[in-house]
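Structure first, then comments.
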Amino acid sequence: MADVRQIVIDIISDIAPDEDVSSIDDAKSLREQLDLDSMDFLDIVMELRKRHKVEVPQEDYPKLASLQSCVAYLGPKFATAPV
Amino acid sequence: MTYDAIVIGAGMSGLAAGIRLAMFDKRVLILEKHSIPGGLNSYYQRRNFDRGGIRQFDVGLHALTNFIKKGEKGKPFSKLLKQLRLSYDDFKLCPQSYSAIRFPETQLRFSNDFELLRSEVFEKFPHDIDGFNLLVEKVRAFNELDLSLGYSSSRQVLRSILKDDLLAEMLLCPLLIYGSAWEDDMDFAQFVIMFKSLYFEGFSRPEGGVRTIIGLLMNKLQELGAEVRFKTAVSEILVKNGEVVGVVASGEVLLAPVVFSSVGYPETVALAPSLEAKPRVGAMTFLESIFVFDHKIPLTANEATIIFANNAQTYAYRPAQNFFDDVSAVVCFPDNYEPHVRDGEGTVRVTYMANYQQWKDLERSRYLEMKQVVGESALALVHSLVPGLVEKPLFTDVFSPLTIERYTGHLNGTVYGSTDKTRDGRTPVKNLFVIGTDQGFLGIIGAMLSGISMANLHGLMSEAKQGE
Ligand SMILES: Cc1cc2nc3c(=O)[nH]c(=O)nc-3n(C[C@H](O)[C@H](O)[C@H](O)COP(=O)(O)OP(=O)(O)OC[C@H]3O[C@@H](n4cnc5c(N)ncnc54)[C@H](O)[C@@H]3O)c2cc1C
């Protein structure tokens with residue numbers, strides 16, 4: 001099983017290198033804890049597709065709100081992803 | 001040849017859009033008419049006859065707006081860095097000292113610390129400080145990025161909030177000349193963008209000038225494997241059944257399902273005759289005089305980085321009546337950005353409002369004479385602003401609206417584009433999008449942000465949707 005949590009964290013640290021990702025509370029919204037805007041969420045989605053061939057349709061963006069919801073939503077997608 | 005996306009123009013917006021598209025593995029092609037990138041903010045060089053070698057010049061750069069300190073978040077410049085994956089340090093930003101809005105009896109200074117402007121207003125317009133603070137709050141709360149906003153007059157908003165017309169005129173002056181396509185007024189959303197960019201955030205200059213910015217963008221494109229072709233003018237945008245299919249450039253047909261055009265809205269219409277829209281050509285165009293002096297002007301004689309000078313109680317922002325308007329000018333002292341190095345030659349730049357048609361109608365010899373008249377007037381202004389400076393420049397270069405038209409393809413040499421913006425970038429032709437100036441975001445930072453957001457919206461997000 002892919003470590004979805006780590007995958008998302010790796011992406012965030014690449015798109016927002018100035019953010020401290022070491023002390024994120026998984027239950028709280030990412031936006032509340034980090035300086036991420038809608039453009040950054042687009043980048044998370046684009047990187048998921050580019051690196052892991054995982055597709056997130058636009059209406060599902062809200063499901064990426066916290067690390068917890070990311071894992072819940074992306075987990076099954078990674079389980080069936082081509083790579 | 002077939003691409004995923006074609007970008008017309010390698011100015012600030014085109015380069016930024018190209019980066020975003022290439023970052024997510026699109027095969028993108030950027031087509032540029034000129035032999036180098038940069039567009040309205042490109043660069044050039046001239047032989048140095050006095051000392052040998054060459055002198056480097058920027059076409060436009062007075063000030064990079066939207067200054068932030070390292071690590072500052074949530075601002076346009078920090079968004080741009082993240083989206084283009086560039087690092088703050090690479091821009092080598094040198095902050096301004098301060099800039100000044102100079103009217104006959106009153107001066108307002110502003111810097112990269114907004115409180116300087118507030119205290120200046122408090123000192124010079126104590127009876128209107130409440131109005132000013134109200135305006136500031138309105139600007140702060142306004143969402144200028146809402147792409148569905150229509151036009152509303154800034155002058156009307158100012159009149160309803162401020163008591164003193166002079167304060168309104170002075171605040172408008174830099175904002176108009178640094179970013180209004182409209183004569184004598186500007187869209188309030190544009191006013192808010194400019195207010196935040198100039199007064200809340202402020203000015204800096206990258207060490208090395210605009211070449212530094214363009215170099216960063218070009219390197220990024222190369223790293224990502226995007227293709228950029230210079231000396232390749234698009235002569236037609238190909239449209240089939242109301243949908244864009246590609247372009248013709250240097251006689252070659254190049255296909256792509258989506259095309260981003262940064263050449264301006266009316267200019268885009270001219271390339272796609274079936275496009276049913278009639279955006280007006282903006283009237284605001286300028287003359288720029290650049291002087292090189294034997295040495296830098298001492299800071300004791302002038303410390304300001306930019307002076308917005310206006311020799312009247314009201315600020316007339318419209319095409320000059322008589323070739324150029326010497327009642328007002330923007331005078332930029334690029335040597336007065338930090339770290340205030342004092343050795344080497346000094347540079348001063350002066351911008352006047354111009355009148356395209358009058359310059360266009362001149363015959364060659366008169367054209368050259370008039371450019372000389374402009375240079376002399378601008379030099380006299382510099383002398384009057386810098387007490388004790390009597391020196392003649394070693395080198396003078398004046399460029400006109402015709403120069404701007406020739407090198408950038410902007411009809412009538414217009415700098416801030418059409419007065420009809422397409423805020424969501426859409427045109428009546430499907431998948432043909434306008435980016436940059438005529439999407440409503442201009443200046444170096446604005447144009448880059450436009451390229452980014454339009455590439456995101458129409459190049460990346462639409463695809464994410466299809467990927468469902
Ligand atoms: C004198 C002057 C001073 C300025 N000072 C400042 C300043 O201090 N700070 C600031 O922020 N902004 C300044 N600006 C404004 C700023 O330069 C512009 O707002 C910004 O560069 C616009 O970028 P753009 O991408 O929208 O358009 P452009 O730069 O116009 O890009 C369009 C590109 O398309 C190319 N092109 C045109 N037709 C074709 C064709 N048919 N085929 C292929 N390519 C084509 C052009 O050559 C050009 O490179 C200044 C502008 C001028 C002229």
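The values are calculated or read from the model by the stated rules, or taken from the named source; none is laboratory data. Computed from a predicted structure; not experimentally measured. Note: ideal-geometry Cβ built from the backbone for every residue, glycine included; neighbour counts use all protein chains shown.
Here is how the numbers come out for the structure above:
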{"read-out": "When residues of the stretch B:396-432 are limited to those that are over 30 Å from residue B:462 (Cα atoms), in contact with a strand residue (DSSP E or B) (Cβ under 7 Å, 6 or more places away or on another chain) and not aromatic (Phe, Trp, Tyr), the one farthest from the ligand (Cβ to nearest atom)", "value": "B:396"}
{"read-out": "Of residues in the stretch A:13-36 being surrounded by 15 or more Cβ atoms within 10 Å (Cβ to Cβ) and either more than 13 Å from the chain's Cα centre (by Cα) or under 17 Å from residue B:81 (Cβ atoms) (or both), the one nearest to the other protein chains (Cβ to nearest Cβ)", "value": "A:35"}
{"read-out": "Residue check for residue B:70: within 12 Å of chain A (Cβ to nearest Cβ) and basic (Lys, Arg)", "value": "yes"}
{"read-out": "Residue in the stretch B:167-179 that is at pLDDT below 95 and closer than 16 Å to residue B:416 by Cβ present", "value": "yes"}
{"read-out": "Criterion (away from chain A (no Cβ under 12 Å) and farther than 25 Å from residue B:407 by Cβ) met by exactly one of B:79, B:92", "value": "B:92"}
{"read-out": "Options B:134, B:198, B:145, B:224; residue that is crowded, with 17+ Cβ neighbours inside 10 Å, away from the ligand (no atom under 14 Å from the Cβ) and not small (Gly, Ala, Ser)", "value": "B:224"}
{"read-out": "Residue list for the stretch B:190-211, filter: within 16 Å of the chain's Cα centre (by Cα) and farther than 17 Å from residue B:178 by Cβ", "value": "B:206, B:209, B:211"}
{"read-out": "Residues that are surrounded by fewer than 19 Cβ atoms within 10 Å (Cβ to Cβ) and over 23 Å from residue B:292 (Cβ atoms), drawn from the stretch B:324-364", "value": "B:327, B:357, B:358, B:360, B:361, B:362, B:363, B:364"}
{"read-out": "Residues (buried (at least 22 other Cβ atoms within 10 Å of the Cβ) and part of a loop (DSSP other than H, G, I, E, B)) located in the stretch B:25-41", "value": "B:32, B:37"}
